[in-house]
Amino acid sequence: MIRLGGRWLQRPREVSTRRLRGLGGLGGRALRVLVDMDGVLADFEGGFLKKYRTRYPDQPFIRLEDRRGFWLSEQYGLLRPELSEKAISIWESKNFFFELEPLPGAVEAIKQMANLKNTDVFICTSPIRMFKYCPYEKYAWVEKHFGSDFLEHVVLTRDKTVISADLLIDDRADITGAEANPSWEHVLFTACHNQHLQLTPPRRRLHSWTDDWKAILDSKRSY
């Protein structure tokens, strides 16, 4: 006990070095993981193709196995210039983002990840510029599949490089922004449009949610 201003206060207890080691090699803080939504948690490509073929049944389309490059509208524009705008009209439509199906194992994996000790998980997603529906539907999608409490773990940003974290799991191969050297390691999530890319070490992939994502998280901790 120590005396302060006429009051007796309990002396703060020392934190054991054993407890600090238990928190990993992150200065005593939790491991922070950012997880992209479209193409990582939600099946953007499959949802797009289904709605595109329904709306434009007589127009040419690109099979998922033939997808190349992150920007879907650019590849459609190479088929025919006018198809680029048709492609964009699909994801600018009401309910497109809300009705996307989760990718296999995604919801279960994120729930498990969020329950790991000393691990903070955030869904970090970029809304499209035509914002009439997209931002609301992204929040509604998270609430539908993860519950309302997880809404506190949603980050909407057009620039992921300015968000501080240890890991970013994202299907876009080239993530750039205002910060030239982001704090996170980018783990490329395999999608139809990037599966042909050869990564140069030390860059890593997460092939699917059945892959050993826990090993990737553990590699960022030092025991």
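The values are calculated or read from the model by the stated rules, or taken from the named source; none is laboratory data. Treat the numbers as computed from the prediction; the structure is a model and nothing was measured. We place every Cβ from the backbone using ideal geometry, glycine too, and count neighbours over all the protein chains shown. Ligands, DNA and RNA are excluded from the accessible area calculation, which covers all protein heavy atoms including side chains. Shrake-Rupley method; radii C 1.70, N 1.55, O 1.52, S 1.80 Å.
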Report summary line: For Glu99, the accessible surface traced by a 1.4 Å probe with all protein chains present amounts, in square angstrom to the nearest 10, to 90 Å²
Requested in this report: Give the peptides 169-176, 33-40, 197-204 in descending order of average Cβ contacts within 10 Å, highest first.
Outcome: 33-40, 169-176, 197-204
Query - Average Cα contact separation per residue, the chain, under 8 Å, 6 or more apart, as relative contact order % - result: 25 percent
Requested in this report: Tell me the label-point distance for the pair Gln112, His207, using the 7 Å Cα-to-Cβ offset, in nm and rounded to one decimal.
Outcome: 1.6 nm
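Tell me, what does the Kirkwood hydrodynamic radius of the chain come to in angstroms if you use every pair of distinct C-alpha atoms?
Result for the chain stands at 19.6 Å.
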Query - Order by protection proxy (mean Cβ within 10 Å, highest first), peptides 145-152, 213-220 - result: 213-220, 145-152
Query - Calculated FRET efficiency for the pair Glu74/Ala215, C-beta based, R₀ 30 Å, to 0.05 - result: 0.30
Report summary line: Out of Thr125, Thr161, Thr54, a Gaussian network model of the chain with alpha-carbon springs under 10 Å gives the largest mean-square fluctuation to Thr54
Query raised in the report: Roughly speaking, what is the stretch gain from Ala30 to Arg158, that is 0.36 nm per residue apart minus the C-alpha to C-alpha distance, in nm to one decimal?
Result: 43.6 nm
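Accessible area per residue for the chain in Å², computed with a 1.4 Å probe and the full protein assembly in place, what is it?
Accessible area per residue, the chain: 59 Å².
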Query - region 164-215 shape via C-alpha gyration tensor axes, a/c threshold 1.5 - result: oblate
Query - Gyration tensor verdict on region 91-143 (Cα atoms; rounded if a/c is under 1.5, prolate if a/b is larger than b/c, oblate otherwise) - result: prolate
Report task. Decide, for region 37-122, between rounded, prolate and oblate: order the square roots of the alpha carbon gyration tensor eigenvalues as a ≥ b ≥ c, take rounded if a/c falls under 1.5, and otherwise choose prolate if a/b is larger than b/c, else oblate. Result -> prolate
Report task. Could you tell me which of Ile90, Val155, Tyr139 has its Cα farthest along the dipole of region 80-168 towards the positive end, charges placed at Cβ (Lys, Arg +1; Asp, Glu -1), taken about the Cα centre? Result -> Ile90
Query raised in the report: Counting each DSSP H run of 4 or more residues in the chain as -39500 (n - 2.57), what helix-only mean residue ellipticity at 222 nm follows after dividing by all residues, to the nearest 500 deg cm²/dmol?
Result: -8000 deg cm²/dmol
Report task. Using the Cα centre as the reference, give the magnitude of the dipole from point charges on the C-beta atoms of region 78-182 (Lys, Arg: +1; Asp, Glu: -1; all else neutral), rounded to the nearest 20 debye. Result -> 220 debye
Requested in this report: Holding the Cα-Cα limit at 31 Å, pick out from Lys94/Lys117; Lys138/Lys214; Lys50/Lys117 the pairs that are longer than that.
Outcome: Lys94/Lys117; Lys50/Lys117
Query raised in the report: What does the convex hull of the alpha-carbon atoms of region 112-223 project to on average, in nm²?
Result: 8.4 nm²
**Report entry** Amide proton proximity set for Asp43, modelled H, under 5 Å, gap of 5+
**Finding:** Glu101, Leu103
**Report entry** Heavy-atom accessible surface of the chain: percent carbon and sulfur, 1.4 Å
**Finding:** 51 percent
Report task. Looking at the chain, send over the antiparallel percent of its DSSP beta bridges, to the nearest 5. Result -> 15 percent
